[in-house]
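The values are calculated or read from the model by the stated rules, or taken from the named source; none is laboratory data. As the structure is a computational prediction, the values presented were derived from the model and not from experiment. Note that each Cβ is placed from the backbone with ideal geometry, even for glycine, and that neighbours are counted across all protein chains shown. SASA here: full protein model, heavy atoms, side chains in, ligands and nucleic acids out. Shrake-Rupley method; radii C 1.70, N 1.55, O 1.52, S 1.80 Å.
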Number of protein chains: 2
Amino acid sequence: MASETVLLAHGSGGRLTHELVRDLFFRHLSNPLLEVQDDAAVWSVAAAGPSRLALTTDSYVVSPIFFPGGDIGKLAVCGTVNDLAMVGAEPLYLTAGFIIEEGLPLADLERVVASMADACREAGVRIVAGDTKVVDRGKADRLFINTAGVGRVPSGVNISGANARPGDSVILSGRIGEHGLAVMSLREGIEFSFPLVSDCAPLNGLVSEILKSEGRVHCLRDPTRGGLATTLNEIAGQSRAGIEIQESLVPVSEGVRAACEMLGLDPLYAANEGRLVAVVAPEGEDAVLEAMQRHPLGREAGVIGRVSSSHPGRVVLETAYGGRRILDMLSGAQLPRIC
Amino acid sequence: MASETVLLAHGSGGRLTHELVRDLFFRHLSNPLLEVQDDAAVWSVAAAGPSRLALTTDSYVVSPIFFPGGDIGKLAVCGTVNDLAMVGAEPLYLTAGFIIEEGLPLADLERVVASMADACREAGVRIVAGDTKVVDRGKADRLFINTAGVGRVPSGVNISGANARPGDSVILSGRIGEHGLAVMSLREGIEFSFPLVSDCAPLNGLVSEILKSEGRVHCLRDPTRGGLATTLNEIAGQSRAGIEIQESLVPVSEGVRAACEMLGLDPLYAANEGRLVAVVAPEGEDAVLEAMQRHPLGREAGVIGRVSSSHPGRVVLETAYGGRRILDMLSGAQLPRIC
């Protein structure tokens, strides 16, 4: 009888590896480029003038691997799709590297891979190359996944964390902290009357709508690990500009607020996996907002602040009570293994 | 005082992550694309007609992470460079994802990253995107690295494991099993009078020489996990052709032979990280051999067998004693965590 769990031999590169690839990975992720089974996938780039490509990677070590609203597989696809989208690239192809702890039920692996296939369909990307390693029991924690991705940057698009200019509007696509608190509450075994569900989603569709609008987008970034506060600090640092945010304009659900209070966390530092920050030229603010609000993932989009010429490199938060304080980058490890 | 080991907070995405990136990763891997620090690296593709790109990935979980002839970092760069080279692609850009166990000495991490930088220089590639995750002590084994790579396939190059044709020559670039037995002997604490040193090396330079020769190359593959026997089976399977190999023509060093005997292993299944198999049209055999032998990594290159029209999908070994047997793909896990 075939094994019901992952064995060390599944990572040997020999017969069991090939069977796992054929019977599990190909069954869910099948596409012509993947099935060639050479050492690398090869595709043709059309020669319609010079073009720009984007390349990114992330590893995923979230614990637990299944959580409300997603799992490590969905996260691994969405996270890399989103990193491509944040430079304005249309995601084309992904790679997937699996590091599996011996003993992981094959049914769990299959559930994760099926979820990756769903996320790929939703985002319109394909996994064209992969790798499977197995380490002995106790030498990893169930499953780690790395994805890398290649995308194409449409001509005329020039988006970077370094492009924020004083006067620009800072737009946030929706409520924050849902992913971080959903995972954290599950891990800590805390239940709330408000259901906490990860916001994990591919953002390339939303970005495509933003780029089609009349608005001029300077920066896009998804506030994942480190949360909104860290992302804003990155933009302020790269652009050498100040950012001023009004706390009352940053949407936080009652569930996240309650969970943050109980766990002693700040939603401004909690991870998101389906939200984005857009820094746009002020005259295009309305156009971008309208485009975002028409998209299911941007319905709650709103302006949360502005780029300023004072305090370059710093983020200043105007609190709900009218005070002002420096909003620093995350220090310490508020939410380990959140993605 | 700054920590001397990796902390969970180094993977938080916040201040310590940024410091680690700036003070360690950038110091060794610095290049303009990496330093942009957006969510993805962006580069321009020249528009000199249509072109083909290649994409691949591998994760590395080798244990121990330092071994004679290399370390997990060199392996991670060479492995992905080699996977690109095996479809005839010139490697361009790599990504690197680090999964670090809390408590890893920063000096060890730095040694690995410096070694990656050396391997990148040797191969002529750059790491343009990266990611760092830290998991709690006991949830990983020191350090795992994933690399993905993008390369450009020169026009006219058409190399695939599916292209072997009856009559083709099977060329091997050098002695086998050096990597697998170097790591395995170290792990088992066995010392030999013959020094065992991993063959880990970037093969793109050797492939470039092969492609410049008059010979017509049908397949290239590096016999890593699963060894030469598994690689030949992959080619036979993809090409639906038979392969006949003469054991006496396959070079094995005295050190590898002795270590294999002591450990009960077969060099034909032992991992290599700097060897390649080339399947070439018979009329180009001499040209390819000469090109390989002129290169430092191909000095010992020789023909080890031939593609045949009989027993399609199978590899047959003619033993040193004149017997013939089916050489199957690796089954079981002869050498876990060898790469």
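Things to note:
- Members of the range B:131-143 that are more than 7 Å from every other protein chain (Cβ to nearest Cβ) and part of a strand (DSSP E or B): B:Thr132, B:Val134, B:Leu143
- In this structure, A:Val42 does satisfy being within 27 Å of B:Ser160 (Cα to Cα) and touching a Lys or Arg at 6+ places or on another chain (Cβ under 6 Å).
- Filter result (among the aliphatic types (A, V, I, L, M) and surrounded by 24 or more Cβ atoms within 10 Å (Cβ to Cβ)) within the range A:129-150: A:Ala129, A:Val134, A:Ala140, A:Ile145, A:Ala148, A:Val150
- From the list B:Ser63, B:Ser59, B:Ser44, B:Ser12, the one residue that fits, being open to solvent by 50 Å² or more (accessible area, probe 1.4 Å), over 13 Å from B:Ile127 (Cβ atoms), polar (S, T, N, Q) and within 13 Å of another protein chain (Cβ to nearest Cβ), is B:Ser44.
- Among (1) touching a strand residue (DSSP E or B) at 6+ places or on another chain (Cβ under 8 Å); (2) open to solvent by 10 Å² or more (accessible area, probe 1.4 Å); (3) in a helix (DSSP H, G or I) - the single one B:Glu110 does not satisfy: (1)
- Residue check for B:Arg221: in contact with a helix residue (DSSP H, G or I) (Cβ under 9 Å, 6 or more places away or on another chain), among the basic types (Lys, Arg), closer than 26 Å to A:Gln37 by Cβ and more than 13 Å from chain A (Cβ to nearest Cβ): no
- Failed item, numbered, when B:Ala271 is tested on (1) under 30 Å from B:Ser155 (Cα atoms); (2) assigned to a loop (DSSP other than H, G, I, E, B): (1)
- Qualifying residue in the range B:275-298 (condition: within 14 Å of chain A (Cβ to nearest Cβ) and open to solvent by 40 Å² or more (accessible area, probe 1.4 Å)): no
- Cβ pairs under 8 Å, 6+ apart, first in the range B:51-67 and assigned by TED's automatic domain parsing to the domain that holds B:Asp83 and under 23 Å from B:Ser160 (Cβ atoms), second of a type in the set (Lys, Arg) and surrounded by fewer than 24 Cβ atoms within 10 Å (Cβ to Cβ): B:Ser51/B:Arg152; B:Arg52/B:Arg152; B:Leu53/B:Arg152; B:Ala54/B:Arg152
- Test result for B:Val87, in contact with a helix residue (DSSP H, G or I) (Cβ under 8 Å, 6 or more places away or on another chain) and modelled with pLDDT of 95 or more: no
- Filter result for A:Asn146 (within 20 Å of the chain's Cα centre (by Cα) and polar (S, T, N, Q)): yes
- When we screen B:Pro166, B:Pro154 for residues that are surrounded by fewer than 20 Cβ atoms within 10 Å (Cβ to Cβ), farther than 30 Å from B:Ser248 by Cα and in contact with a Ser or Thr (Cβ under 9 Å, 6 or more places away or on another chain), the only hit is B:Pro154.
- Per-region count, the range B:274-305, residues part of a helix (DSSP H, G or I) and among the basic types (Lys, Arg): 1
- Selection status of B:Ser59, within 24 Å of B:Ala140 (Cβ to Cβ) and in a strand (DSSP E or B): yes
- Yes/no for B:Asp39 being closer than 30 Å to A:Asp328 by Cβ and either within 11 Å of chain A (Cβ to nearest Cβ) or in a loop (DSSP other than H, G, I, E, B) (or both): yes
- Check on A:His28, out of contact with any strand residue (DSSP E or B) (no Cβ under 6 Å at 6 or more places or on another chain), more than 8 Å from chain B (Cβ to nearest Cβ) and in a helix (DSSP H, G or I): yes
- Residue list for the range B:287-339, restricted to those being without any contact (Cβ under 8 Å) to a residue 40 or more places away in the chain and of a type outside the set (Lys, Arg): B:Gln293, B:Pro296, B:Tyr321, B:Gly322, B:Gly323, B:Ile326, B:Ser331, B:Gly332, B:Ala333, B:Pro336
- Of the set (1) at pLDDT below 95; (2) of a type in the set (Gly, Ala, Ser); (3) assigned to a helix (DSSP H, G or I); (4) touching a helix residue (DSSP H, G or I) at 6+ places or on another chain (Cβ under 7 Å), all apply to A:Ala320 but (3).
- Inter-residue pairs, beta-carbon under 7 Å, first at positive phi and in the range A:109-123, second open to solvent by less than 20 Å² (accessible area, probe 1.4 Å), 6+ apart: none
- Complete set of residues in the range B:66-102 that are at the interface with chain A (Cβ under 8 Å from one of its Cβ atoms) and part of a strand (DSSP E or B): B:Tyr93, B:Thr95, B:Ala96, B:Gly97, B:Phe98, B:Ile99
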